[in-house]
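Since the structure comes first, as structure tokens, the remarks are kept for the end.
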Amino acid sequence: MKNTLVLLLAILSYYVIADQRFILGSLEGDIAVGENEIRGFETPSTSIVTGLGARLLNFKDEGLYFGTGFKYLTGERKICFIFCDSYDANETSLFGEIGRNMGQWTPFVGVTFHSSEVVFPNESVNNESWGLDLGFWLEYDKFKLRGVLINLNDEDYRTFSVSRLVQTDNKLVLGYELGWLLDSEIYQFSFSLQIGRSF
């Protein structure tokens, strides 16, 4: 019985030590430039929104990886037709992903939900979408690199994102993320500056 208890404690301590969790807060931003059709004319529009986000990442040596997070951004969308007018805009994004740690590599799949709203004087325009994600983490020394294709199922909103996390000796974690829209008439760039800790 005593040997069984010691073995059980050893196994549990291994999984506790092998787990690596990160909790991060972030400053988020998104810039988009495109065109809208108004009365048969193509008119330029720009959207600049900023906000905050948070994410939780859980790695386990030779085990399952799980990540989740959200961000909320607000700002203005400017539409020009002879004169330029600005309208309130906001965006919300949620994501979840699961994969398997395979040494230095951690491939994963995930889903992303995106919701946006632009408030005009007499109405508000809402847009919601779900997307399938495919990506990987690469661990090297004290930092992790992440690459992911977001919205694989929707070519209008397909995005490539790359990020990096650096862990310091005192468990502080710093990171950034850059993303850009692919195969679209809209030029969109997003960024995220992250800070948190491992535990």
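The values are calculated or read from the model by the stated rules, or taken from the named source; none is laboratory data. Every value quoted in this text rests on a predicted model; they were computed, and no experiment measured them. Ideal geometry is used to build each Cβ from the backbone, glycine not excepted, and the neighbour counts take in all protein chains shown. Accessible surface areas use protein heavy atoms only, side chains included; no ligands, DNA or RNA. Shrake-Rupley method; radii C 1.70, N 1.55, O 1.52, S 1.80 Å.
Can you tell me which of (1) over 29 Å from residue 85 (Cβ atoms); (2) open to solvent by less than 30 Å² (accessible area, probe 1.4 Å); (3) at pLDDT 95 or above is the one residue 179 doesn't meet?
Of (1) over 29 Å from residue 85 (Cβ atoms); (2) open to solvent by less than 30 Å² (accessible area, probe 1.4 Å); (3) at pLDDT 95 or above, only one is false for residue 179: (1).
Please work out if residue 99 is part of a strand (DSSP E or B), without any contact (Cβ under 8 Å) to a residue 40 or more places away in the chain, of a type outside the set (Ser, Thr, Tyr) and open to solvent by less than 80 Å² (accessible area, probe 1.4 Å). Step through it out loud before you land on a result.
Working: part of a strand (DSSP E or B): yes; without any contact (Cβ under 8 Å) to a residue 40 or more places away in the chain: yes; of a type outside the set (Ser, Thr, Tyr): yes; open to solvent by less than 80 Å² (accessible area, probe 1.4 Å): yes.
Spelling it out, residue 99 is indeed part of a strand (DSSP E or B), without any contact (Cβ under 8 Å) to a residue 40 or more places away in the chain, of a type outside the set (Ser, Thr, Tyr) and open to solvent by less than 80 Å² (accessible area, probe 1.4 Å).
Within the stretch 142-159, can you find the residues that are modelled with pLDDT of 95 or more and either surrounded by fewer than 19 Cβ atoms within 10 Å (Cβ to Cβ) or not in a strand (DSSP E or B) (or both)?
145, 147, 149
For residue 104, all conditions in the list (1) at pLDDT 95 or above; (2) out of contact with any Pro (no Cβ under 7 Å at 6 or more places or on another chain) hold save one; what is the number of the exception?
It is condition (1) that residue 104 fails.
Of the residues that make up the stretch 38-54, is at least one out of contact with any Pro (no Cβ under 7 Å at 6 or more places or on another chain), open to solvent by less than 60 Å² (accessible area, probe 1.4 Å), over 25 Å from residue 173 (Cβ atoms) and aromatic (Phe, Trp, Tyr)?
Looking through the stretch 38-54, none of the residues is out of contact with any Pro (no Cβ under 7 Å at 6 or more places or on another chain), open to solvent by less than 60 Å² (accessible area, probe 1.4 Å), over 25 Å from residue 173 (Cβ atoms) and aromatic (Phe, Trp, Tyr).
How many residues does the stretch 55-96 contain that are of a type in the set (A, V, I, L, M) and surrounded by 14 or more Cβ atoms within 10 Å (Cβ to Cβ)?
Counting residues in the stretch 55-96 that are of a type in the set (A, V, I, L, M) and surrounded by 14 or more Cβ atoms within 10 Å (Cβ to Cβ) gives 5.
Just to verify a result, which residue in the stretch 163-176, among those that are under 18 Å from the mean Cα position of the chain (by Cα) and open to solvent by 50 Å² or more (accessible area, probe 1.4 Å), is nearest to residue 98 (Cα to Cα)?
In the first step, residues of the stretch 163-176 are kept if they are under 18 Å from the mean Cα position of the chain (by Cα); the result is 163-166, 173-176.
With the extra rule that they be open to solvent by 50 Å² or more (accessible area, probe 1.4 Å), the set shrinks to 164, 166, 174, 176.
Details: 164: 18, 166: 21, 174: 22, 176: 21 Å.
Only one residue tops the list, namely 164.
Name the single residue, out of those in the stretch 14-37 being modelled with pLDDT of 70 or more and within 19 Å of residue 101 (Cα to Cα), that is least open to solvent (accessible area, probe 1.4 Å).
22
Are there any pairs with C-beta distances below 7 angstrom linking a residue in the stretch 120-145 that is under 27 Å from residue 47 (Cα atoms) to a residue that is open to solvent by less than 50 Å² (accessible area, probe 1.4 Å) and not in a strand (DSSP E or B), with the two at least 6 apart or on different chains, and if so which?
Within 7 Å, the pairs are 129/154; 131/151; 131/154.
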